[in-house]
Amino acid sequence: MKRFFKISSIAFVAFLMLVAFSKSIETTNVKCMIQMTNYAGEGAYVVVSLINPKGEYEKTLYIQGKDSEWFSEISEWWKFYGKRRSNIDAIAGETIAGGERTISVVKIPSEKIDKGYSIRFETAVEDKEYFIDDVQFELTTANLKSKKEGKGFIRYVRMIPQ
């Protein structure tokens, strides 16, 4: 009887490990260049989010700006992220100053492409404006190979699949 429980316990643990490792989400790596407008002042915080077809936040894809003290200034995103406070260390970089550009790789869940989802770039600068949709576009295969103009602190965003 002891042997039966030992074997069944090992089989159960092996099954759980198999299920845990088989549910990895396939991602599409996209090189993302953000070119900022020429403005004076502090560096901009930029939050890149996956927006579902209902217009709701689903996932934070990337953040330019590591000082979490200022995250609440990106008010619409903060309503989503502030409740969950998931670990974003691996997807955060430095703020971007006026006229600068930065290139990073954003991992986008492949299953969301061409399914009605959008990508949103929000920007905020200390003592200046906040743009909830500085750049926003539908997450399509064609748009992941394009350049999109910004409305606020972002001059444009260029996406290149890897």
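Annotations
- Value of relative contact order over the stretch 94-162, rounded to a whole percent, pairs C-alpha under 8 Å and six or more apart: 23
- Difference of contour (0.36 nm per residue) and Cα-Cα distance, residue 158 to residue 78: 26.3 nm
- Length-normalised contact order for the stretch 25-162 - Cα pairs under 8 Å, 6+ apart - percent: 37
- Multiplying the residue separation of residue 143 and residue 100 by 0.36 nm and subtracting their alpha-carbon distance yields 13.2 nm.
- Leading residue at positive end of dipole, the stretch 45-162 (Cβ point charges), from 81, 140, 47: 140
- Our estimate of slack between residue 69 and residue 38, defined as 0.36 nm per intervening residue step minus the Cα-Cα distance, is 8.7 nm.
All of the numbers you see were taken from the coordinates with simple rules; none came from a lab. Since this is a predicted model, take the numbers as computed values, not measurements. Counting neighbours? That spans all protein chains shown, and the Cβs are built from the backbone with ideal geometry, glycine included.
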